[in-house]
Amino acid sequence: MTAEATFAGTLPAIIRSSDHKYTYNGVTYPGVTDILKVIDKSGALMAWSAKQTAIAAIELYSDGSLATMLNAVGNEGTIKALSNRSNFKRDEAAALGSEVHSLADQLVNGEEQAVGSPLALEYAKRYADWWQHSGWRLRLSEAVVVHPDVGYGGTFDLLARDADGRTVLADIKTGKGVYKEAILQLTAYGMAPLVSPMGSDRVYPMPIPDRYVVIHVTADKVREVEIAVGQAERMAFLDCVDLHRWLASVKGKL
């Protein structure tokens with residue numbers, strides 16, 4: 001790839017904030033993950049949250065802690081504590097995902113892996129075995145992209161060449177399943193015209209992917225989930241951008 005621009009000074013060409021907003025040439029754009037929050041996931045999330053609350057109640061009842069909690073904080077306090085389990089589990093899953101991503105990034109870059117939690121290290125071991133046998137060769141990992149014309153930025157996990165020499169854009173997922181948002185996430189990264197290694201002061205033309213893959217990593221195995229990306233997926237993501245922009249425009253006015 002050839003350099004297209006150099007940001008003044010030593011600042012990265014594409015600056016990613018802690019809340020995953022992306023600034024390029026003085027303009028700040030929302031991130032892909034924020035844009036995709038417009039997709040309604042309430043049905044599945046509500047069912048999952050209710051299940052987590054029920055599990056917490058059963059566990060507390062089984063070890064005799066439920067009565068103690070009721071006596072200590074009353075009905076309202078107990079309801080709040082039980083309902084908060086879903087938030088705890090969500091944050092726990094997010095932390096595991098971040099840890100596995102970091103270990104995976106170190107692995108593909110040939111770095112010595114930092115110490116991680118036992119579960120994250122188990123995931124990383126599965127990923128290491130997969131990577132060794134995949135035949136993939138790294139092009140970029142944890143790189144940032146931006147699409148100034150459409151107005152968004154993002155961070156992808158992996159750009160590589162597969163065993164047949166094809167360019168593959170991949171995202172690592174560590175949840176129980178792979179969901180439809182992953183399709184649009186990869187679509188958005190592949191549409192962006194500009195890419196920059198994390199922290200670099202240069203941007204490059206984004207290679208056009210031949211393949212889009214979700215690498216689904218669990219403690220038991222790794223599977224490659226092939227994603228089809230075409231005009232329908234690109235239009236769907238652009239619709240999400242429009243809806244995200246409209247929601248931002250009416251926020252607090254109704």
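The values are calculated or read from the model by the stated rules, or taken from the named source; none is laboratory data. For clarity, every value in this text was computed on a predicted model and none was experimentally measured. Reconstructed Cβ throughout: ideal geometry from the backbone, glycine too, with neighbour counts over all protein chains shown.
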### Task
For the range 159-175, enumerate the residues that are surrounded by fewer than 16 Cβ atoms within 10 Å (Cβ to Cβ) and in contact (Cβ under 8 Å) with a residue 40 or more places away in the chain.
ARG166, THR167, GLY175
### Task
Scan the range 132-144 for residues that are outside any strand (DSSP E or B) and touching a strand residue (DSSP E or B) at 6+ places or on another chain (Cβ under 6 Å) and jot them down.
TRP136
## Note on the structure
Considering the range 180-217, residues that are buried (at least 17 other Cβ atoms within 10 Å of the Cβ) and β-branched (Val, Ile, Thr), and then whichever is modelled with the lowest pLDDT, we arrive at VAL217
#### Entry: Residue check for ALA104: over 21 Å from PRO30 (Cα atoms), at pLDDT below 90 and buried (at least 21 other Cβ atoms within 10 Å of the Cβ)
yes
### Summary
Exactly one of GLY97, GLY110, GLY116 is of a type in the set (Gly, Ala, Ser) and either at pLDDT 75 or above or assigned to a helix (DSSP H, G or I) (or both), and that residue is GLY97
### Cβ pairs under 7 Å, 6+ apart, first in the range 234-249 and in contact (Cβ under 8 Å) with a residue 12 or more places away in the chain, second in a helix (DSSP H, G or I) and hydroxyl-bearing (Ser, Thr, Tyr)
ARG234/THR187; PHE237/THR187
### Query
Is one or more of the residues making up the range 65-85 of a type in the set (S, T, N, Q), modelled with pLDDT of 65 or more and closer than 30 Å to LEU138 by Cβ?
no
### Message
Tell me whether the range 33-49 contains one or more residues that are touching a strand residue (DSSP E or B) at 6+ places or on another chain (Cβ under 7 Å) and either modelled with pLDDT of 90 or more or assigned to a helix (DSSP H, G or I) (or both).
### Response
yes
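Say whether the condition of being within 25 Å of ASN25 (Cβ to Cβ), surrounded by fewer than 16 Cβ atoms within 10 Å (Cβ to Cβ) and either under 19 Å from the mean Cα position of the chain (by Cα) or basic (Lys, Arg) (or both) is met by at least one residue in the range 221-230.
Checked the range 221-230: no residue is within 25 Å of ASN25 (Cβ to Cβ), surrounded by fewer than 16 Cβ atoms within 10 Å (Cβ to Cβ) and either under 19 Å from the mean Cα position of the chain (by Cα) or basic (Lys, Arg) (or both).
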